[in-house]
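Below is one structure, written out as structure tokens, with a few remarks after it.
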Amino acid sequence: MPRVCAVSYLNTVPLVWGMLHGEERQIFDLRFALPSECADQIASGEADIGIVPVIEMARQKLEYFPGTGIACHGPVRSILLISKVPFREIRTLATDSGSRTSVQLSRIILAEKFGGTPRLISRCADLTTMLGEADAALLIGDAALRVDPKKLPFETLDLGGEWVSMTGLPMVFAVWAGRKDIVRPNFADAFQNSCRYGLARIDEIVKAEAGRGFEDALVRKYLTEHIVFELGERDYAGMKLYLDHAVRLERRAIPA
């Protein structure tokens, strides 16, 4: 059984619902971790397949399984840039230590829209602590969902919505990926079937995930309106564009 690392956030639950409760239970050896840890498990060989941040997929030269992932076609709600100062004045940014794709996305948007190149500080996801040490904070996943941007006395950007507005294309945050020899059509089919099983059972998921402490309405809206799980050509065009932007940003950061 391939060892599969899935992200422990709410946004992954529909993807793995079939692996937890459906016919795909007997196909994979499933475990959970933070997004950055899933990438590290692939790199170390501890896992064969993971829901991997797309920036790490590119860095590790992994192959992705087509058809499913974690994306948005507008505001994503769970990737928030929160700042004590105007975005053009951000000099230090505390980033969620569990994130990689979103860290690069924040750098891209700050550089290309606001002309900023802040110094990054990696911290655990605690907004008060992060803003105590930096001008701005990047929250992702469940930590971002626990914050209501409308009630914060700070500047806030939804980075998913900002990317879509800036480029006209979807933003893909993570995909199922692994080394070339493990990326097989039967596994891709299993990931798609598991996802479809979950999407057909959102009511079950909303009830099952009550232990995370979110209101049912927030969970339902997040999983059905903000996150896109089934990916098509426009999603992969957005993913390619994001990676192109990330490469250009890295090149500018390297002194000649």
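Quick rundown of the values:
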quantity	calculated
Criterion (at pLDDT below 95, touching a strand residue (DSSP E or B) at 6+ places or on another chain (Cβ under 9 Å) and open to solvent by 30 Å² or more (accessible area, probe 1.4 Å)) met by exactly one of SER99, SER122	SER122
Residue list for segment 150-165, filter: in a helix (DSSP H, G or I) and open to solvent by less than 40 Å² (accessible area, probe 1.4 Å)	LEU159, GLY160, GLY161, GLU162, TRP163, VAL164
Cβ-Cβ under 6 Å pairs, at least 6 apart or on other chains, segment 191-206 side free of Cβ contacts under 8 Å to residues at least 60 places away in the same chain, far side surrounded by 20 or more Cβ atoms within 10 Å (Cβ to Cβ) and in a helix (DSSP H, G or I)	VAL206/VAL219
Counted residues, segment 7-39 - those being open to solvent by less than 20 Å² (accessible area, probe 1.4 Å), touching a Cys at 6+ places or on another chain (Cβ under 7 Å) and over 16 Å from ALA200 (Cα atoms)	3
Meets criteria (open to solvent by less than 50 Å² (accessible area, probe 1.4 Å) and farther than 18 Å from PRO14 by Cβ) for GLY168	yes
Within segment 191-256, helices (runs of 4 or more DSSP H) holding 3 or more residues that are among the β-branched types (Val, Ile, Thr) and closer than 16 Å to PRO14 by Cα	202-208
Any hit, segment 51-68, residues being open to solvent by 50 Å² or more (accessible area, probe 1.4 Å), closer than 30 Å to VAL183 by Cα, free of Cβ contacts under 8 Å to residues at least 60 places away in the same chain and more than 13 Å from the chain's Cα centre (by Cα)	yes
Matching residues, segment 104-119, being closer than 17 Å to GLU162 by Cα, among the charged types (D, E, K, R) and either surrounded by 20 or more Cβ atoms within 10 Å (Cβ to Cβ) or in contact with a strand residue (DSSP E or B) (Cβ under 8 Å, 6 or more places away or on another chain) (or both)	ARG107
Unique match (being modelled with pLDDT of 95 or more, within 20 Å of LEU243 (Cα to Cα) and open to solvent by 10 Å² or more (accessible area, probe 1.4 Å)) among GLY132, GLY74	GLY74
Flag for GLY198 being open to solvent by less than 10 Å² (accessible area, probe 1.4 Å), within 24 Å of ARG3 (Cβ to Cβ) and at pLDDT below 95	no
Qualifying positions in segment 80-94 - open to solvent by 10 Å² or more (accessible area, probe 1.4 Å) and either of a type outside the set (S, T, N, Q) or within 23 Å of TYR9 (Cβ to Cβ) (or both)	LYS84, VAL85, PRO86, PHE87, ARG88, GLU89, ARG91
Condition met for LEU159 (farther than 18 Å from PRO53 by Cα, modelled with pLDDT of 95 or more and aliphatic (A, V, I, L, M))	no
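The values are calculated or read from the model by the stated rules, or taken from the named source; none is laboratory data. Keep in mind that this is a model prediction, so the values were computed, not measured. Using ideal geometry, Cβ is built from the backbone for each residue, glycine included, and neighbour counts are taken over all protein chains shown. Ligands, DNA and RNA are stripped out before the accessible areas are found, and what is left, the full protein with its side chains, is counted by its heavy atoms. Shrake-Rupley method; radii C 1.70, N 1.55, O 1.52, S 1.80 Å.
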